[in-house]
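Enquirer: My questions will all concern the structure given below.
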Amino acid sequence: MTKKNLNSILRSLPSVEEVLNTPAAAALAAELPRSVVVDAAREAVSRAREHILSSSLTDDDAAEAASLDAVATHACAIARAFFAPSLRRVVNASGVIVHTNLGRSVLADEAVAAVLDVARGYSTLEYDVQGMCRGSRHAHCERLICELTGAEAAIAVNNNAAAVMMVLSEFACGHEAVVSRGELVEIGGSFRIPDIMELSNARMIEVGTTNKTHDFDYERAVTDDTAMLLKVHTSNYRLIGFTESVSAREMRRIADAAEADRRARGVDAPRILVYEDLGSGALLALDNLGSMNEPTAGEALAAGCDLVSFSGDKLLGGPQAGIVIGSAELIGRLKKNPLARALRLDKMTLAALEATLRLYLNPEVAREHVPTLRMLNAPAAAVRERAEALAARIADAVPAECGAVEAVPEISRAGGGALPMRDIDTFAVQLEFKRGGAQDCEEYLIRKNDVPIIARIHQEALLFDARTILNDDEIDEIARACAAYFEQLEA
Ligand SMILES: *Cc1c(COP(=O)(O)O)cnc(C)c1O
């Protein structure tokens with residue numbers, strides 16, 4: 001395009017006023033706040049200008065992009081999108097069970113019912129029915145957590161990152177906390193142990209090396225100002241090769257010996273707590289996952305930790321929460337910390353957490369009813385059945401000249417920083433393209449389908465992992481969306 005043509009096309013772009021005067025935009029302005037439609041018109045005009053300037057379009061395409069019709073249509077779409085829900089359901093066909101971007105754990109039906117019950121009416125959130133007086137919101141889950149972990153006391157807050165910060169602030173503020181260099185992890189982009197240490201005013205004492213930390217590293221690092229030995233579960237990575245780390249049991253022995261030494265010397269110093277940030281925090285042994293089992297929260301405590309914290313929405317399969325367990329004395333101090341108030345759980349989360357924990361009272365029920373556990377434990381044969389059902393539905397809906405489908409063996413991941421090296425055998429539906437393409441279809445399923453469908457691409461094919469597809473309705477949704485993709489290709 002010549003510069004002259006370009007300038008004349010840019011001059012032909014409609015004004016915001018002209019866009020607003022089109023019948024479509026005017027109708028929309030009657031429905032939605034006028035300011036939203038005006039902003040959308042402005043955005044559509046400026047996007048059209050950018051598009052014409054940045055892409056080498058033919059004269060005809062540029063003129064079309066600058067037309068009043070095209071700009072007004074785009075403006076209406078922008079305005080409508082503003083009113084569409086942003087947070088909404090998706091179909092997770094990625095095979096990643098605890099997918100942080102997709103909301104981590106799906107709640108059990110029992111948890112959903114409990115949320116609805118307290119959301120629709122008033123509740124006993126801070127009311128003690130027996131005493132007929134003011135109660136504590138901490139009471140609802142504490143006994144259940146203690147029953148399930150063997151702990152004396154427990155507190156649940158906003159998430160595990162909050163729990164770590166609260167524990168460090170309460171017990172290590174102004175003192176030294178010793179941590180292995182092999183455990184200075186970053187999780188999920190913004191949770192970094194050194195940053196949380198700084199935020200809580202604990203002095204971080206790093207010991208050991210990236211791959212090896214020995215018991216003598218901790219022994220040498222302990223001073224009369226040491227308040228904590230911190231152990232962090234290296235959730236989202238594994239060190240392999242020549243590695244060495246110190247167990248919670250060993251850390252307990254080191255802390256006890258250092259305290260005995262202080263007493264012998266008559267030194268008045270803070271207690272040395274052993275605290276493990278367990279990350280995923282399974283409550284049950286995930287038996288059928290074999291050798292790479294995660295330690296349960298109860299096991300970590302029994303190994304000699306004073307405090308253990310873990311997430312509510314990773315392997316536990318509940319709502320977003322962070323749970324700290326330990327002695328009544330230590331948990332009592334946390335309950336009084338102002339952060340416990342700032343980071344407290346709301347009634348809907350508490351209801352979901354309590355209902356989820358209740359399912360764990362019977363491990364068999366938990367494995368059946370908690371979706372995260374059910375998906376982790378589903379035998380490959382059952383997943384294969386679902387994959388074959390989906391393959392059949394897609395084959396019905398998609399003409400054979402458009403694509404070929406087949407159920408194929410694949411690998412799922414637990415996700416959520418849990419069992420990072422663990423391959424979980426699964427079955428997926430592989431869609432190969434004779435029309436269109438995998439990337440194009442992936443984009444269509446995510447951007448154009450009302451309920452976004454998240455699959456993955458492998459060698460020019462789209463894979464729908466059946467392990468994380470929840471039910472027959474989702475199978476239908478995937479098949480219909482695939483059919484719609486090929487139909488709009490024809491149009
Ligand atoms: C996931 C994780 C956290 C953060 O927990 P959230 O519940 O996401 O706040 C902290 N520490 C470890 C080791 C983790 O795996």
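Quick grid of which residues meet (1) away from the ligand (no atom under 12 Å from the Cβ); (2) under 23 Å from the mean Cα position of the chain (by Cα); (3) of a type in the set (A, V, I, L, M):
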| position | (1), (2), (3) |
| --- | --- |
| E259 | yes, no, no |
| L301 | yes, no, yes |
| D306 | yes, no, no |
| Q320 | no, yes, no |
| S327 | yes, no, no |
| K336 | yes, no, no |
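Enquirer: Turning to a different aspect of this structure: State all residues of the range 360-397 that are over 19 Å from D473 (Cβ atoms) and part of a loop (DSSP other than H, G, I, E, B); if no residue qualifies, say none.
Expert: Y360, L361, N362, V370, P379
Enquirer: Can you tell me which residue within the range 195-253, out of those that are among the hydrophobic types (A, V, I, L, M, F, W, C) and surrounded by fewer than 17 Cβ atoms within 10 Å (Cβ to Cβ), is farthest from the ligand (Cβ to nearest atom)? Steps first, please.
Expert: Let us first name the residues in the range 195-253 that are among the hydrophobic types (A, V, I, L, M, F, W, C), namely 196-197, 199, 202, 204-205, 207, 216, 221-222, 227-230, 232, 239-240, 242, 246, 248, 251.
Next, from what is left, pick out any that are surrounded by fewer than 17 Cβ atoms within 10 Å (Cβ to Cβ): 199, 216, 239-240, 242.
Values: L199: 14, F216: 25, L239: 14, I240: 18, F242: 23 Å.
So, considering only residues that are among the hydrophobic types (A, V, I, L, M, F, W, C) and surrounded by fewer than 17 Cβ atoms within 10 Å (Cβ to Cβ), the one farthest from the ligand (Cβ to nearest atom) is F216.
Enquirer: Let me ask something else. Please work out if E142 is over 28 Å from the mean Cα position of the chain (by Cα), acidic (D, E) and at pLDDT 95 or above. Show your work before the answer.
Expert: Values: over 28 Å from the mean Cα position of the chain (by Cα): no; acidic (D, E): yes; at pLDDT 95 or above: yes.
Here the answer is no, as E142 does not meet what is asked.
Enquirer: In the range 376-397, which residue that is at pLDDT below 95 and either of a type in the set (V, I, T) or within 20 Å of the chain's Cα centre (by Cα) (or both) is surrounded by the most Cβ atoms within 10 Å (Cβ to Cβ)?
Expert: Only one residue fits best here, namely L376.
Enquirer: Turning to a different aspect of this structure: Can you pull out every residue in the range 208-250 that is touching a strand residue (DSSP E or B) at 6+ places or on another chain (Cβ under 8 Å), under 19 Å from E294 (Cα atoms) and hydrophobic (A, V, I, L, M, F, W, C)? Even if it seems obvious, please write down each step before you answer.
Expert: We begin by selecting, within the range 208-250, every residue touching a strand residue (DSSP E or B) at 6+ places or on another chain (Cβ under 8 Å); these are 208, 211-214, 217-218, 220-223, 225-233, 235-236, 242-246, 248.
If we keep only those that are under 19 Å from E294 (Cα atoms) too, we end up with 230-233, 235-236, 243-246, 248.
Residues satisfying the conditions are L230, V232, V246, A248.
Enquirer: A further question follows. With respect to the numbered conditions (1) crowded, with 16+ Cβ neighbours inside 10 Å; (2) over 24 Å from A84 (Cα atoms), which one is the sole condition not fulfilled by L28?
Expert: Result: L28 passes all but (2).
Enquirer: Related question: Can you tell me which residue in the range 46-102 is farthest from the chain's Cα centre (by Cα), limited to those that are assigned to a loop (DSSP other than H, G, I, E, B) and among the β-branched types (V, I, T)? Break it down into steps so the answer makes sense when it comes.
Expert: Here is the first cut: in the range 46-102, the ones assigned to a loop (DSSP other than H, G, I, E, B) are 55-58, 66-67, 84-90, 93-95.
After this cut, where a residue has to be among the β-branched types (V, I, T) as well, the list is 58, 90.
Values: T58: 45, V90: 14 Å.
Residue satisfying both the conditions and the ranking: T58.
Enquirer: Check off (1) farther than 29 Å from I454 by Cβ; (2) within 24 Å of the chain's Cα centre (by Cα) for A108 and give me the number that stays unchecked.
Expert: Of (1) farther than 29 Å from I454 by Cβ; (2) within 24 Å of the chain's Cα centre (by Cα), only one is false for A108: (1).
Enquirer: Kindly list, by first and then second residue, each pair from a residue in the range 445-471 that is touching a residue at least 12 places away in the same chain (Cβ under 8 Å) to a residue that is assigned to a loop (DSSP other than H, G, I, E, B) and among the hydroxyl-bearing types (S, T, Y), limited to pairs with Cβ atoms under 8 Å and residues at least 6 apart or on different chains.
Expert: I454/S94; A455/S94; R456/S94; D465/S94; T468/S94
Enquirer: Under the condition of being among the small types (G, A, S) and free of Cβ contacts under 8 Å to residues at least 40 places away in the same chain, which residue from the range 68-101 is surrounded by the most Cβ atoms within 10 Å (Cβ to Cβ)?
Expert: Step one: of the range 68-101, the residues among the small types (G, A, S) are 70, 72, 75, 77, 79, 81, 84, 86, 93-95.
Then keep just the ones that are free of Cβ contacts under 8 Å to residues at least 40 places away in the same chain; that gives 70, 77, 81, 84, 86.
Values: A70: 16, A77: 12, A81: 10, A84: 8, S86: 7.
Of everything passing the filter in the range 68-101, A70 is surrounded by the most Cβ atoms within 10 Å (Cβ to Cβ).
Enquirer: Something else about it: Quick check on my filter: what residues within the range 343-399 are small (G, A, S) and in contact with a Pro (Cβ under 6 Å, 6 or more places away or on another chain)?
Expert: Within the range 343-399, the subset small (G, A, S) is 351-352, 355, 366, 378, 380-382, 387, 389, 391-392, 395, 397.
Once the filter is applied, which keeps residues that are small (G, A, S) and in contact with a Pro (Cβ under 6 Å, 6 or more places away or on another chain), the range 343-399 yields only A352.
Enquirer: Examine the range 445-456 for a residue that is touching a Cys at 6+ places or on another chain (Cβ under 7 Å) and not in a helix (DSSP H, G or I), and state whether such a residue exists.
Expert: Looking only at the range 445-456, we keep the residues that are touching a Cys at 6+ places or on another chain (Cβ under 7 Å), and these are none.
Checking the range 445-456: not a single residue is touching a Cys at 6+ places or on another chain (Cβ under 7 Å) and not in a helix (DSSP H, G or I).
Enquirer: Run R344 past the list (1) away from the ligand (no atom under 12 Å from the Cβ); (2) crowded, with 18+ Cβ neighbours inside 10 Å; (3) not in a strand (DSSP E or B) and report the number of the one that doesn't hold.
Expert: With respect to (1) away from the ligand (no atom under 12 Å from the Cβ); (2) crowded, with 18+ Cβ neighbours inside 10 Å; (3) not in a strand (DSSP E or B), R344 is out only on (2).
Enquirer: Now for a separate question. List pairs: first residue in the range 134-160 and free of Cβ contacts under 8 Å to residues at least 40 places away in the same chain and over 13 Å from G326 (Cα atoms), second residue of a type in the set (F, W, Y) and surrounded by fewer than 21 Cβ atoms within 10 Å (Cβ to Cβ) anywhere in the structure, Cβ distance under 8 angstrom, at least six positions apart or on different chains.
Expert: Here the result reads R134/Y127; G135/Y127, each pair linking the range 134-160 to a residue that is of a type in the set (F, W, Y) and surrounded by fewer than 21 Cβ atoms within 10 Å (Cβ to Cβ).
The values are calculated or read from the model by the stated rules, or taken from the named source; none is laboratory data. Predicted model, so just to flag it, every value in this text is computed and none were measured. Note that each Cβ is placed from the backbone with ideal geometry, even for glycine, and that neighbours are counted across all protein chains shown.
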